[in-house]
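Enquirer: For reference, the structure I am asking about is given below.
Derivation of every value follows stated rules applied to the coordinates shown; laboratory data play no part. Source: prediction; values computed, not measured. Here Cβ is always computed from backbone atoms with ideal geometry, including for glycine, and neighbour counts include all displayed protein chains.
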Protein chains: 2
Amino acid sequence: MKVAVLGYGVVGVGVYEMLGKAQGLEQGPVLVRPGKADAPFKVTSIEEICADPSVGAVAEVMGGVSPAFEYAAAALKAGKHFVTSNKALVAAKGVELKALAEENGVAFLFSAACGGGVPFLHNLSLARRSDRIQSLGGILNGTTNYMLDAMQRLGMDYGQALADAQRLGYAEADPTADVSGLDALRKIMLACAVAYDRLPTEGLLNEGIENITAADVAHFRGRGYTCRLLARGGQNPDGSVYAFVEPVLLREGAAECSVLENYNLARYEGACAGPMVFIGQGAGRWPTASAVLRDLSCILQGQRAMLGESCRQAKADNAALEQLYYVRLPEAFAGRLEAESAETENGVARLITKPMSVLKMHGLAREIRAAGGELFFASIGG
Amino acid sequence: MKVAVLGYGVVGVGVYEMLGKAQGLEQGPVLVRPGKADAPFKVTSIEEICADPSVGAVAEVMGGVSPAFEYAAAALKAGKHFVTSNKALVAAKGVELKALAEENGVAFLFSAACGGGVPFLHNLSLARRSDRIQSLGGILNGTTNYMLDAMQRLGMDYGQALADAQRLGYAEADPTADVSGLDALRKIMLACAVAYDRLPTEGLLNEGIENITAADVAHFRGRGYTCRLLARGGQNPDGSVYAFVEPVLLREGAAECSVLENYNLARYEGACAGPMVFIGQGAGRWPTASAVLRDLSCILQGQRAMLGESCRQAKADNAALEQLYYVRLPEAFAGRLEAESAETENGVARLITKPMSVLKMHGLAREIRAAGGELFFASIGG
């Protein structure tokens with residue numbers, strides 16, 4: 001099967017090279033936008049690719065919703081299988097693309113869009129056909145894991161860890177999507193869509209790591225905890241889906257604590273299969289390209305969809321799940337939270353809350369910050 | 001697709017129940033051997049199943065090579081897809097079954113035979129189509145992991161740990177296949193066949209855990225090591241395959257150290273994908289049944305094979321890979337090994353060897369034992 005590649009950046013070059021060696025796949029034209037770097041078999045319009053009867057599949061690795069969506073729609077309508085590593089595209093337009101793929105009898109797969117090289121979505125989509133997925137999530141952003149690990153193991157402060165991640169190419173010049181948790185949130189949206197046929201697009205909550213300090217890390221490290229930024233999703237008793245991102249404090253010995261540097265860990269819990277954990281490289285040229293290639297191999301073997309026929313957009317409900325939280329905030333604001341225990345030093349309070357819902361904790365944090373209180377929080381356990 | 005089940009023991013019951021709920025699959029007849037427990041839709045001959053045109057696939061979960069092989073061959077010749085959790089069957093007859101499946105245009109999948117619920121072989125078979133698998137292996141036997149973990153974390157001695165594993169149903173009344181490493185060896189044979197098109201059936205080496213003592217555990221725990229029984233495979237520079245099982249001492253923080261109780265961990269290292277780790281339940285009714293069901297879902301999606309067309313039996317070569325070993329043996333035998341460092345107490349020597357091949361270490365252990373020397377060894381690192 002000849003595969004056209006849309007985009008010839010970090011991942012595109014990897015996909016193109018791997019196509020040259022993979023069983024049953026062939027290098028096709030590469031779409032490069034005017035003014036962008038040169039590429040082999042370069043074409044500059046999606047129409048050319050759609051009109052080429054020798055192209056069986058299109059792999060999109062450009063990123064961004066537009067023009068990726070228009071290109072994807074054109075490819076699907078032209079009867080080309082479509083695979084992508086573009087989480088923003090699938091988070092925004094996944095349900096539409098699924099419908100287009102069904103109408104045209106072709107495949108739409110996107111396991112490279114969540115977990116990079118980690119074959120999470122693929123296995124989740126298989127497992128859900130015979131098992132009930134009770135919960136899912138994990139460390140889905142390598143940049144923030146690199147930073148948290150550097151703060152915890154190497155004793156760096158936040159600014160040093162961020163600068164280091166940027167120097168190594170793990171963080172963008174503008175790291176907002178990573179450190180705010182938005183990148184991980186988009187990935188958990190996709191995982192929920194695969195597991196539950198609900199793509200949650202409203203009611204989502206994301207707390208990133210922008211507010212963590214070296215003093216926070218020292219505090220919970222001394223108590224045997226490691227901090228990781230976890231994305232989490234699952235189904236509430238009423239059938240609605242929860243989906244959120246927040247820092248979590250984990251006891252040493254948890255699999256998440258063995259995930260160092262910019263690695264990813266994804267997990268699901270199947271009613272029959274039990275807990276299932278996947279660890280690997282979450283980003284980078286070759287890991288991401290290898291995930292794109294795996295999707296293409298799945299198409300060769302006959303797979304067509306990762307989203308169920310009934311998949312639709314839905315509102316997330318984060319009010320049901322209750323947890324304990326570690327919260328560091330100015331003493332003056334401590335009374336806003338019901339605490340299980342509290343320590344205060346130099347006007348800074350560190351609390352462990354009573355069980356409270358994810359929705360309530362994220363809402364209180366917003367209120368306290370709006371009133372001028374600097375605050376960091378992390379759930380306990382996970 | 002209607003699925004016949006061969007065997008109605010621990011796993012068979014699970015497969016049958018899961019078939020009742022899975023997308024696109026249906027409960028078919030269950031083959032129960034005369035004198036065995038009753039089952040729904042019971043039949044007592046494979047001929048009846050083969051002659052039933054409504055049966056699309058056969059799932060074998062009886063164990064043992066015979067009559068499982070004869071049943072498998074009959075099912076494949078009758079044009080039924082065949083999936084199995086039976087590692088002994090695939091280790092002995094995998095290449096023949098693959099050929100039969102190809103001839104008859106049906107599927108032969110066996111991911112439940114290695115790693116229980118962990119989707120290792122499935123992902124390996126996908127990855128190898130576009131990536132080069134540099135090495136593979138892991139904790140593939142839950143019984144011995146339970147025992148090693150109990151010795152390390154709970155301070156049990158070997159006898160207590162074994163009795164505990166038997167009480168919990170993790171170890172058979174005759175635990176030889178588990179504690180000798182044979183069970184893990186069969187699983188790594190299958191993984192090599194999937195990754196390298198070579199099913200190694202000669203030249204294999206397995207050192208189990210029968211010789212580990214509480215004193216060994218205390219010794220390396222004090223030095224920051226955790227012991228795990230690892231199966232390992234890979235390709236030597238000349239294209240031959242290595243495959244062996246042995247205890248390995250790992251630094252705390254390695255993902256293997258976070259694998260507690262009877263869990264399994266499987267990993268491969270892809271030239272492109274990098275290291276990929278899978279953790280989950282390695283045995284038991286529901287995890288194993290869920291792996292059988294996943295294979296059946298893959299057949300529905302179009303997958304037909306996990307073994308390449310050129311897969312054949314081959315001899316393993318364990319002479320190339322060199323490692324350091326920890327060896328505990330009677331002082332009188334210590335001179336037989338080239339040591340990097342050594343400690344001696346009460347006539348017992350504990351050495352760290354210079355780098356030596358797997359073949360040489362396992363051979364020396366055999367010689368020293370034949371001469372009456374009690375010995376435990378474990379490679380360092382892994």
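Enquirer: A:Lys2 versus A:Ala163, label points 7 Å from Cα toward the beta carbon: distance in nm?
Expert: Reported label-point gap for A:Lys2 and A:Ala163 is 5.1 nm.
Enquirer: Nearest to the axis that maps chain B onto chain A: list the chain B residue whose Cβ wins, with the distance in whole angstrom.
Expert: B:Gly302, 1
Enquirer: Nearest 0.05, what FRET efficiency do B:Asn346 and A:Ile352 give at R0 = 60 Å with Cβ-Cβ as r? Display every interim value, and only then the final one.
Expert: On the way: r = 49 Å, r/R0 = 0.82.
FRET efficiency, B:Asn346 to A:Ile352: 0.75.
Enquirer: What is the local net charge at A:Ile212, summed over the other residues whose Cβ is closer than 10 Å to its Cβ (Lys, Arg +1; Asp, Glu -1)?
Expert: Numbers: positive: A:Arg328; negative: A:Asp157, A:Glu210, A:Asp216.
For residues surrounding A:Ile212, the net value is -2.
Enquirer: Taking Rh as the Kirkwood radius, which is the inverse of the mean 1/r over Cα pairs, what is the Rg/Rh value for the range A:132-281? Don't skip to the end; give the middle numbers.
Expert: Values: Rg = 15.3 Å, Rh = 15.7 Å.
So for the range A:132-281, dividing Rg by the Kirkwood Rh gives 0.98.
Enquirer: Using the Cβ atoms and a cut-off under 11 Å, what net charge is assigned to the surroundings of A:Leu136, where Lys and Arg are +1 and Asp and Glu are -1? All intermediate terms of the calculation are to be shown ahead of the outcome.
Expert: Working: positive: A:Arg128, A:Lys187, A:Arg232, A:Arg267; negative: A:Glu269.
With Lys, Arg at +1 and Asp, Glu at -1, the net is +3.
Enquirer: From the cross-link list B:Lys21/B:Lys77; B:Lys80/B:Lys315; B:Lys2/B:Lys77; A:Lys315/A:Lys360, which pairs have alpha carbons spaced over 25 Å apart? Don't skip to the end; give the middle numbers.
Expert: Working: B:Lys21/B:Lys77 28 Å; B:Lys80/B:Lys315 31 Å; B:Lys2/B:Lys77 17 Å; A:Lys315/A:Lys360 17 Å.
Beyond 25 Å: B:Lys21/B:Lys77; B:Lys80/B:Lys315.
Enquirer: Quick one: Debye curve from the alpha-carbon atoms of the range A:204-314 only, equal weights, vacuum; give me log10 I(q)/I(0) at q = 0.12, 0.23, 0.24 Å⁻¹ to two decimals.
Expert: Results for the range A:204-314 at q = 0.12, 0.23, 0.24 Å⁻¹ read -0.64, -1.40, -1.41.
Enquirer: Dipole size in debye (nearest 20) for the range A:132-281 around its Cα centre, Lys and Arg Cβ +1, Asp and Glu Cβ -1? All intermediate terms of the calculation are to be shown ahead of the outcome.
Expert: Values: 12 positive and 18 negative charges, 95 e Å.
Dipole size: approximately 460 debye.
Enquirer: Work out the FRET efficiency for A:Ala99 and A:Gln23 from their Cβ-Cβ distance, taking R0 = 35 Å, and round it to the nearest 0.05. Display every interim value, and only then the final one.
Expert: On the way: r = 31 Å, r/R0 = 0.88.
E between A:Ala99 and A:Gln23, to the nearest 0.05, is 0.70.
Enquirer: With an 8 Å cut-off on Cα pairs and a minimum separation of 6 or more residues, tell me the relative contact order of the range A:2-109 in percent.
Expert: Values: 189 pairs, mean separation 25.9, N = 108.
That works out to 24 percent.
Enquirer: At q = 0.11 Å⁻¹, what is the log10 ratio I(q)/I(0) for chain A, with the Debye formula run over Cα points and no solvent?
Expert: One equal scatterer on each Cα of chain A leads to -0.76.
Enquirer: Take the Cα pairs of the range B:90-187, get the Kirkwood Rh, then feed it into Stokes-Einstein at 10 °C and 1.306 mPa s and tell me D in µm²/s.
Expert: Working: Rh = 15.7 Å.
It comes out at roughly 101 µm²/s.
Enquirer: Could you work out [θ]222 nm for the protein assembly as shown from helices alone, using -39500 (n - 2.57) per DSSP H run of at least four and dividing by all its residues? Round to the nearest 500 deg cm²/dmol.
Expert: Numbers: 24 runs with 260 residues, N = 764.
Only helices count here, giving -10500 deg cm²/dmol.
Enquirer: Please report the base-10 log of the normalised intensity I(q)/I(0) for the range A:2-109, using a Debye sum with one equal scatterer per alpha carbon and no solvent, at each q in 0.18 (1/Å).
Expert: Results for the range A:2-109 at q = 0.18 Å⁻¹ read -0.80.
Enquirer: Something else about it: Based on the alpha-carbon gyration tensor of the range A:257-382 and its eigenvalue square roots a ≥ b ≥ c, which shape applies: rounded if a/c is under 1.5, prolate if not and a/b is larger than b/c, or oblate?
Expert: Working: a/c = 2.68, a/b = 2.14, b/c = 1.26.
In terms of gyration-tensor shape, prolate.
Enquirer: What is the sum of charges, Lys and Arg at +1 and Asp and Glu at -1, for the other residues whose Cβ falls under 11 Å from the Cβ of B:Val118? Display every interim value, and only then the final one.
Expert: Values: positive: B:Lys187, B:Arg267, B:Arg294; negative: none.
Within the 11 Å Cβ shell, the charges total +3.
Enquirer: Follow-up question, since we're still on this one. If you line up the long axis of helix A:358-370 against the longest principal axis of chain A, both from Cα atoms, how many degrees apart are they, to the nearest 10?
Expert: 70 degrees
Enquirer: Same structure, new question: For the range B:136-189, what does the equivalent ellipsoid look like in terms of its semi-axes, each the square root of 5 times an eigenvalue of the Cα gyration tensor, given largest first in whole Å? Before the final figure, lay out each step's value.
Expert: Values: eigenvalues 76, 34, 12 Å².
Taking √(5λ) for each Cα gyration eigenvalue gives 20, 13, 8 Å.
Enquirer: When only alpha-carbon atoms are used, what values of Rg and Dmax, in angstrom, describe the protein assembly as shown?
Expert: 26.7, 81
Enquirer: If I model a spin label as a point 7 Å beyond the Cα along the Cα-Cβ vector, how far apart are those points for B:Lys77 and A:Asp38 in nm?
Expert: Those two pseudo-labels are separated by 6.2 nm.
Enquirer: Mind jotting down a quarter of the surface of the convex hull over the alpha carbons of the range A:250-312, in square nanometres, one decimal?
Expert: On the way: hull surface 27.5 nm².
Computed as one quarter of the Cα hull surface, the answer is 6.9 nm².
Enquirer: Report the semi-axes of the equivalent ellipsoid for the range A:322-380 in whole Å, largest first, where each axis is √(5λ) for an eigenvalue λ of the Cα gyration tensor. List each step's numbers first, then the result.
Expert: Values: eigenvalues 53, 38, 13 Å².
Equivalent-ellipsoid dimensions as semi-axes: 16, 14, 8 Å.
Enquirer: Would you tell me the mean number of C-beta atoms belonging to other protein chains that fall within 10 Å of each C-beta in B:11-24, as a whole number?
Expert: 2
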